[in-house]
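What follows is a set of notes on a single structure, which appears directly below.
The values are calculated or read from the model by the stated rules, or taken from the named source; none is laboratory data. Note that this is a predicted model, so its numbers are computed, not measured. Every residue, glycine among them, receives a Cβ derived from its backbone with ideal geometry; neighbour counts consider all protein chains shown. Only protein heavy atoms, including side chains, enter the accessible area calculation; ligands, DNA and RNA are left aside. Shrake-Rupley method; radii C 1.70, N 1.55, O 1.52, S 1.80 Å.
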Amino acid sequence: MGLENTSRRGGGIENSSKGYETQVVLNVYDLTPLNNYTVWFGLGIFHSGIEVHGKEYGFGAHDFPVSGVFEVEPRSCPGFIYRCSVQLGRINMPPSEFRTFIEHVAAEYHGDTYHLISKNCNHFTDDMARRLTEKQVPGWVNRLARLGALCSCLLPESLQVTTVKQIPEYHHESDSLEEDGTETLSITTPRESAEVDDDQEKRLLSPLASLSPVAGSGDVTFVKEAQK
């Protein structure tokens, strides 16, 4: 997965060349103000992103069989309220090599495979943390999903759907490439489908569904998945 030149030391991924050390950080957001009360009981509805080399990566829902992995400025995911950051460890990997890594990961996380209980943004960040640092994200971040998997019959039907009803349009940024020469996909104004549920449901499913100034105005850019 583009990591052939890396070696593990101290529980993480380290490149043989020095000078590319960076912190791996989990950034956690509240999806609802009710978290301020339920967090005391070890519960809450959270979104999380993984920060590496000055960018934050998350996973969101849409209706297409392409990458649902996106990047934003750290601690500025639109639509959510930033809560806290958790230091997961350090890795030594050049930005270009990490880009190859995240593009391969993106191929495993298509937007139309997002599911609130079984494959959500917190499953994505936990997978990333394990691969990069061999550590897990704190259990409280995705505890509600684990409980939901055990008793999904008790959850409202609106929380058991797979994708959002408001889907983003995609376009290639042919005139704007990343510094390492990779091309990205970005979202434009969303178009609504014939059926649109309430905004609460869409926010619970994905930060891409309802952009709000509450958590800042950072641009959301999809990571283009590696070609097979």
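A few points about this structure:
- Being among the polar types (S, T, N, Q), under 19 Å from Leu116 (Cα atoms) and modelled with pLDDT of 95 or more holds for only one residue in Asn27, Asn92, and it is Asn27.
- Of all residues in the range 29-86 being among the β-branched types (Val, Ile, Thr), assigned to a strand (DSSP E or B) and in contact with a Gly (Cβ under 9 Å, 6 or more places away or on another chain), the one that is farthest from Asp126 (Cα to Cα): Val72
- Residue list for the range 33-78, restricted to those being without any contact (Cβ under 8 Å) to a residue 40 or more places away in the chain and surrounded by fewer than 16 Cβ atoms within 10 Å (Cβ to Cβ): Leu34, Asn36, Tyr37, Thr38, Trp40, Phe41, Gly54
- Identification of helices (runs of 4 or more DSSP H) wholly contained in the range 94-153 with 2 or more residues that are of a type in the set (S, T, N, Q) and surrounded by fewer than 22 Cβ atoms within 10 Å (Cβ to Cβ) yields 95-106.
- Meets criteria (open to solvent by less than 20 Å² (accessible area, probe 1.4 Å) and over 15 Å from Glu71 (Cβ atoms)) for Val86: no
- Within the range 1-24, the set of residues being open to solvent by 50 Å² or more (accessible area, probe 1.4 Å), assigned to a loop (DSSP other than H, G, I, E, B) and modelled with pLDDT under 85 comprises Met1, Glu4, Asn5, Gly10, Ser16, Lys18, Gly19.
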